[in-house]
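Here it is: the structure, laid out below.
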Amino acid sequence: MNHSMNQATNHLVKHLDYLLRPATLDDLDTIERFSKASTFGIHTLKPGRARLAERLERSHKAFAGTDSFHGDEIYHFVLEDLNAGRIVGTSGIVTSAGSNGRFYCYRNEFSVHASEELGISNREHTLRLCEDLSGHTLLSSFYIEPEYSATLAPQLLSRGRLLFIRNFPHLFAERIAAENPGLCDELGNSPFWNALGGRFLKMPFPEAEQRTGGRSKSFIAELMPRSPIYVSLLAEDAQWAMGQLHPDGELPFGILVSEGFDVDSFVDIFDGGPIAEARVAMLKSVVSALDVTLKASADLEQDPYLVANMDRSGFRATLTRASVVDNTLQLTPSAIERLGLKLGSSACAVNVSDT
């Protein structure tokens with residue numbers, strides 16, 4: 001890492017007293033506040049205290065369980081700033097997309113139409129309603145308070161989930177996806193929806209979003225055309241909005257891109273936002289993660305590491321200054337304590353400055 005990158009990293013790690021842990025019902029008030037502040041189109045973090053409470057109860061059962069993959073589990077996390085004494089972010093994992101029905105999205109396709117007689121050849125962009133992502137594990141519900149966007153906290157909030165998946169692969173699918181919010185205004189008006197989905201469902205975008213309940217979109221298939229949709233026939237504002245990201249989604253989206261997600265193949269059937277997709281085993285955090293033994297060190301001039309324990313029900317992940325020597329991670333005693341571990345315990349770690 002060059003000198004300028006070192007300076008940037010040092011600026012971001014003034015303090016690393018962050019902890020990623022499973023959410024509990026005690027966190028409900030904060031998560032409800034996050035749901036009201038999050039961008040319209042964050043499909044799995046919708047306001048509604050009863051819905052959010054049910055989600056947290058399902059998450060508690062998933063973390064506490066001993067079973068393997070069933071497909072309907074939800075794992076919900078919160079991020080604490082221990083220095084400030086408060087929760088500053090939340091994120092989640094849905095084990096299987098469309099577990100209560102098929103998961104629908106649009107796949108970008110291209111076809112060539114040519115006439116030798118006229119000497120004309122056109123390459124047409126089409127959208128095809130598909131179920132390709134059904135069964136994929138989904139990253140969901142990312143939200144972090146704006147004042148933390150320029151720190152390393154978002155890295156822990158997003159990538160800490162990947163370490164959990166990496167540590168417990170039998171609980172998840174081999175492929176992973178993440179919906180990202182498309183363009184819409186503060187009232188929920190979406191150019192993509194107005195040009196396409198709204199024409200067939202005869203309802204505004206906010207109502208269609210509400211009816212999905214956060215997950216199942218099976219009713220869409222009953223009303224949407226199965227034949228390819230020619231993008232050139234859509235309204236110009238819808239063409240421009242398709243595959244575009246809402247500005248509030250740039251931070252988590254950028255983390256996914258840096259992890260190696262493909263973001264060009266699929267778009268959301270509602271707002272046309274890009275859907276990221278990847279093979280879990282190829283993600284940078286998974287490839288770069290090391291199984292390590294913990295050793296205490298007081299040296300604070302080491303690289304920043306994302307470290308997670310190997311406990312399902314008591315999962316903890318944190319950021320800390322550390323170094324690796326012969327599969328031994330040297331880190332501060334306070335970081336070991338945050339992870340709920342002791343000297344000599346096993347953990348997994350990723351060098352944040354390398355990814």
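The values are calculated or read from the model by the stated rules, or taken from the named source; none is laboratory data. The shown structure was predicted, so the numbers you read here are calculated from the model rather than taken from an experiment. Positions of Cβ are generated from backbone atoms using ideal geometry, with glycine treated the same way; all protein chains shown enter the neighbour counts. Please note that ligands, DNA and RNA were not included when accessible areas were found on the heavy atoms of the full protein model with its side chains. Shrake-Rupley method; radii C 1.70, N 1.55, O 1.52, S 1.80 Å.
Run the simple label-point estimate for Arg58 and Leu223 please: 7 Å along Cα→C-beta, distance reported in nm.
Distance between label points: 2.3 nm.
I would also like to ask the following. So if each residue of separation counts as 0.36 nm, and I subtract the Cα-Cα distance between Phe168 and Asp264, what length gain in nm does that give? Don't jump to the answer; show the numbers that get you there.
Values: separation 96, 0.36 × 96 = 34.56 nm, distance 2.82 nm.
Full extension of this stretch gives 31.7 nm more.
Moving to a separate point now. Please report, for the Cα atoms of the range 172-313, the Rg to one decimal and the Dmax as a whole number; what are they, in angstrom?
19.9, 63
At 222 nm, what helix-only mean residue ellipticity would the chain give, in deg cm²/dmol to the nearest 500, using -39500 (n - 2.57) for each DSSP H run of four or more? Write down the numbers at each step before the final one.
Details: 12 runs with 101 residues, N = 355.
Roughly -8000 deg cm²/dmol at 222 nm, from the helical runs in the chain.
Determine, from the Cβ-Cβ distance of Glu109 and Leu187 and an R0 of 30 Å, the FRET efficiency 1/(1 + (r/R0)^6), rounded to the nearest 0.05.
On the way: r = 32 Å, r/R0 = 1.06.
Efficiency, rounded to the nearest 0.05: 0.40.
Could I ask something else about it? Can you pull the Kirkwood radius for the range 134-203, inverse mean 1/r over Cα pairs, to one decimal in Å? Intermediate values should be presented prior to the final figure.
Details: mean 1/r = 0.0659 Å⁻¹.
One decimal place: 15.2 Å for the Kirkwood radius.
Arrange the peptides 87-93, 344-350, 286-292 so that the one whose residues have, on average, the most other Cβ atoms within 10 Å appears first. Walk me through the intermediate numbers first.
On the way: 87-93: 23.1, 344-350: 19.4, 286-292: 17.3.
The most tightly packed comes first, giving 87-93, 344-350, 286-292.
At 0.36 nm per residue, minus the direct Cα-Cα distance, what do Ala37 and Leu290 gain on full extension? Give it in nm, one decimal, please.
Values: separation 253, 0.36 × 253 = 91.08 nm, distance 3.61 nm.
87.5 nm is the gain from fully extending Ala37 to Leu290.
For the range 153-177 and the range 262-338, compute the distance between their C-alpha centroids and round to whole Å.
Each part reduced to its Cα centre gives a spacing of 9 Å.
Scan the chain and hand back the longest stretch that contains none of the GluC sites (Glu not before Pro) lying in DSSP loops with at most 10 other Cβ atoms within 10 Å.
Numbers: sites that count: Glu116, Glu117, Glu186, Glu301.
Between the exposed loop sites, the longest stretch runs 1-115.
How tilted is helix 49-64 with respect to the longest principal axis of the chain? Cα atoms for both, answer in degrees (0 to 90, nearest 10).
With both axes taken from Cα atoms, the answer is about 50 degrees.
Rounded to the nearest percent, how much of the accessible area of the chain (1.4 Å probe, protein heavy atoms only) is carbon and sulfur?
Values: 7920 of 15990 Å².
It is 50 percent, rounded to a whole number.
Here's another thing I want to ask about it. Over the range 143-268, give the accessible area per residue in Å² for a 1.4 Å probe, as an integer. Write down the numbers at each step before the final one.
Values: 5540 Å² over 126 residues.
That works out to 44 Å² for each residue.
So for the pair Thr24, Trp240, with labels modelled 7 Å out along Cα→Cβ, what separation do we get in nm?
Those two pseudo-labels are separated by 5.0 nm.
Find how much the distance from Gln302 to Glu207 grows on full extension, using 0.36 nm per residue of separation minus their present alpha carbon separation; answer in nm with one decimal. Provide the component values of the computation, followed by the final result.
Numbers: separation 95, 0.36 × 95 = 34.20 nm, distance 5.06 nm.
Full extension from Gln302 to Glu207 adds 29.1 nm.
Could you work out how far helix 3-12 tilts from the main Cα principal axis of the chain, as a 0 to 90 degree angle to the nearest 10?
Between the helix axis and the principal axis of the chain, the angle is about 90 degrees.
Follow-up question, since we're still on this one. Among (1) 20.7, 72; (2) 18.9, 59; (3) 21.6, 77, find the value of Rg and Dmax of the Cα atoms in Å that was calculated from the structure presented, and write down its label.
Here the calculated entry is (3).
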